[in-house]
Structures are given as C-alpha cells and as structure tokens.
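For reference, the structure is listed below as structure tokens.
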Amino acid sequence: MNKTILAIETSCDDTSASIISNGNIKSNIISSQIDHKKLGGVVPEIASRSHQKNIIYIVDSALSEAGINKKELDAIAFTIGPGLLGSLLVGSTFAKSFGYSLGIPIIGVNHLKAHAFSHTINKKDIKYPFLSLLVSGGHTQIILVKSYNNMEVVGETRDDAVGEAFDKCAKIMGLDYPGGPLIDKYSKNGDPNLYSFPDTIVPELDFSFSGIKTSFLYFINDRIKENKNFISENINNISASIQKKLIDMLLDKLIIALDKYEVQDISICGGVAANSLLREEMINFSNKFEIKVNIPKMEYCTDNAAMIANYASYMYDEKKFSDYDIVPFSKNSL
Ligand code: KG4
Ligand code: ZN
C-alpha cells in the first residue's frame, strides 16, 4: 500500500519530525533544546515552550528535506505518551489540527513501542518473539515483543532509569546535562576496573539504580576529602569504572532474560543504547549466546521522530487510526 506519513515526536526535550514513504525514512529532523544544558536537566515548562516555538519550522524542514508537499501526506502520526504532558500536548494538538485541516487520519503512537521497534527502521526482516532492552533517561525495561502490537514488560526499574543514573553520576562529577554521552567519552581513556562499586540486589528481571548513584556520591565525597582534585585528576578512570558498573547491571539481567525466554533475536534501544560499551558488549553477547543482536543506528537511539514514523507505518497498514478526542498520557505504560 502506498503511504506517506508525517510523524511528530515531542515527548521530552527534543522537537522532532520525520517523513516515512512506503516504509523508508525520507527525513528525520531533530532540534535539541540546548537550554536544558545550562539548567542541569529538563525543565518541563521550558520544554513545552520550546516545542511551541520550534514545531512549525521542524515540520517544514522534514517536509522539504523529504521533497514532500503536505498534500501528498496520507496520515499524521505523533507521540501520545508516555512523556511530559505539556510537551506531548504541543505535538498532539499540532498533529490533530494539521490532520484535520488536510482531512487525513491521525495516529497516536506509544513512545516506548516506537523505541522497541527502532532497530527495524528501513529493515523488513523482523523475527518474533524478540527481547528488547529499552534504556533511556526515563525508562529501563526488558520487553518481550511477540508482534508489533503485542508486547509485555518482563522487567523494569523500581526507581531511577539507567540514563538518569548516568546523568546523576555525571552531575556529581560536575559535568553538564545530559552527562551520559560525556561519561562515555571520558571512559574511552580510562581503566574500567580501577574503582568498584557495591552490587544492588533486585529480584528477577527488575532493576534498581538509585543505590548505585548514592554509593557513587559517597565514593566521590570520600576521595575528595583526601584530594580536592580527585575528580579532575581521575575523570577518565572514574567515568570508565562507573560506566562499566551501570552497563554490567543491564547485562546481568539480560542474561537471566535470555535463559528464561526462548527468543532468537535481542535488541537494544533508547538513548543509552548509544553508549559505546553497551554496543560493544552486545556484539560480544551475540557470539557468546549465539543470538542475533539488533542495534539501532546512533541517530535512532535518542528520541527521534523516525522511530514514531516507523511504528506508525505498522499501525497504518492495519488502519489503527486514532479518534480526534485522543489525549496524551504521562504514565510509563506500553
Ligand atoms: O531516549 P532519550 O533521548 O530520552 C529519553 O526518553 O529519556 O535518552 C536520553 C538519555 C540521557 O539520560 C542520556 O544521558 C543518555 O540517554 N545517553 C547516554 C549516551 N547517549 C545518551 N548514556 C550513556 N552513554 C551515551 N553515549
Ligand atoms: Zn525516549
């Protein structure tokens, strides 16, 4: 079926728009709201205002980069949740109005489901069931995906998300937000085995990252008492050690999940899937456990509208359109 969909993603701090035509991504424009860097985190009201400011320009760029006229669109997709309510309202209201004015269907897409399918962008060979490790600033979940619309969360964090743990540890070291990519960068020249951190015991496939963040804070404070330049003199080794700990905590649970569920494929997604150690370890995983590992391209890991467009195109094929009274939700649910 011939189809061209515009997708809009505004769940957190990035305004993004993408065009997908017959299953191929034609454009994926992202405007990161760099203001949050100075503020040390995402401030919901500032995020909403920036989406409001950016959205028309971002949509316009996505259309022109794809060489598509708005009259050629068959549907408008948008993130319906989970996310920051004010941010979601901007994207969904824009999508509804645009869809209404063009007289075409709208498709509300679950952000988590879209992440779980981000490795399928521009690909056709998907094997079900597969396990997806969704790791971002807001989520840490292991999802058993049985089909495009049948997914089950089989493990999740009981407190902080792993991306949040990266960002909080980075903040403790005085690094800018988001700190995950900076820890990754410094780790490249550090010894991951120099410092160790206590294990956090959590049953089954669940995770907990709040304890490790507190241990990290005590560790840094203790070392600073001995040497006030401890962080600046050891940033590479500290980063590499905390990164290894956080990634090991993810891998330990994935090993249990692989034992429990019969799957041939495993994938990673979300912002933390951009982490170089996690990507490297997943490749080792595929050899060790003789399993196919799917790793999304870097640009499809952090929040982006291409993943919304990709998932929307599955929904479009089954005519899963949304009613115009659909409203966004903030709760973390599939
Ligand atoms: O998926 P995402 O863009 O937004 C959410 O839905 O949260 O993920 C953002 C998170 C942030 O916590 C950021 O620090 C983390 O992903 N992140 C990384 C890396 N790149 C982004 N964490 C570790 N290593 C990276 N290379
Ligand atoms: Zn996300």
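The values are calculated or read from the model by the stated rules, or taken from the named source; none is laboratory data. What you see is a predicted model; the values in this text were computed from it and never measured. With ideal geometry, Cβ positions are generated from the backbone for all residues, glycine too; neighbour counts draw on all protein chains shown. The protein model used for the area step is the full one, side chains on, heavy atoms only, and it has no ligands, DNA or RNA in it. Shrake-Rupley method; radii C 1.70, N 1.55, O 1.52, S 1.80 Å.
Suppose the filter is in a helix (DSSP H, G or I), open to solvent by 20 Å² or more (accessible area, probe 1.4 Å), modelled with pLDDT under 95 and closer than 27 Å to Ile201 by Cα; does Ser333 pass it?
Criteria not met by Ser333.
Might you check whether a residue that is within 14 Å of ligand 1 (Cβ to nearest atom), crowded, with 21+ Cβ neighbours inside 10 Å and either farther than 28 Å from Ser11 by Cβ or touching a residue at least 60 places away in the same chain (Cβ under 8 Å) (or both) occurs anywhere in the range 219-238?
For the range 219-238, residues within 14 Å of ligand 1 (Cβ to nearest atom), crowded, with 21+ Cβ neighbours inside 10 Å and either farther than 28 Å from Ser11 by Cβ or touching a residue at least 60 places away in the same chain (Cβ under 8 Å) (or both): absent.
I'm told Ser136 meets every condition in (1) within 15 Å of ligand 2 (Cβ to nearest atom); (2) crowded, with 24+ Cβ neighbours inside 10 Å; (3) over 30 Å from Tyr261 (Cα atoms) except one. Can you identify the failing condition by its number?
(3)
What pairs can you find where one residue is in the range 178-204 and modelled with pLDDT under 95, the other is among the aromatic types (Phe, Trp, Tyr) and within 16 Å of ligand 2 (Cβ to nearest atom), and their Cβ atoms are less than 8 Å apart, with a gap of 6+ or different chains?
Between residues of the range 178-204 that are modelled with pLDDT under 95 and residues that are among the aromatic types (Phe, Trp, Tyr) and within 16 Å of ligand 2 (Cβ to nearest atom), the close pairs are Pro178/Phe166.
Please verify whether Lys253 is over 25 Å from Ile8 (Cβ atoms) and basic (Lys, Arg), treating the condition exactly as stated.
Spelling it out, Lys253 is indeed over 25 Å from Ile8 (Cβ atoms) and basic (Lys, Arg).
Return the residues of the range 277-294 that are surrounded by 13 or more Cβ atoms within 10 Å (Cβ to Cβ), more than 16 Å from ligand 2 (Cβ to nearest atom) and not small (Gly, Ala, Ser); say none if nothing qualifies.
Hits for the range 277-294 are Leu277, Arg279, Glu281, Met282, Phe285, Phe289, Ile291, Lys292, Val293, Asn294.
Residue-wise test of (1) under 16 Å from His115 (Cβ atoms); (2) among the aromatic types (Phe, Trp, Tyr); (3) not assigned by TED's automatic domain parsing to the domain that holds Met173.
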residue	(1), (2), (3)
Asn237	no, no, no
Ser267	yes, no, no
Met282	yes, no, no
Phe289	no, yes, no
Tyr311	yes, yes, yes
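Suppose we filter the range 79-117 for residues that are within 15 Å of ligand 1 (Cβ to nearest atom) and not aromatic (Phe, Trp, Tyr); how many remain?
Adding up the residues that qualify gives 18.
I need a count of the residues in the range 85-128 that are assigned to a loop (DSSP other than H, G, I, E, B) and open to solvent by less than 50 Å² (accessible area, probe 1.4 Å).
5
In contact with a Cys (Cβ under 7 Å, 6 or more places away or on another chain) and in the same structural domain as Lys260 (by TED's automatic domain parsing): which single residue out of Ser132, Ser232 fits that description?
Only one candidate passes the filter, namely Ser132.
Within the range 143-161, which residues are farther than 18 Å from Met307 by Cα and either within 16 Å of ligand 1 (Cβ to nearest atom) or buried (at least 24 other Cβ atoms within 10 Å of the Cβ) (or both)?
Across the range 143-161, the qualifying residues are Val153, Glu156, Thr157, Asp159, Asp160, Ala161.
Can Met307 be described as in contact with a strand residue (DSSP E or B) (Cβ under 9 Å, 6 or more places away or on another chain) and buried (at least 24 other Cβ atoms within 10 Å of the Cβ)?
Criteria met by Met307.
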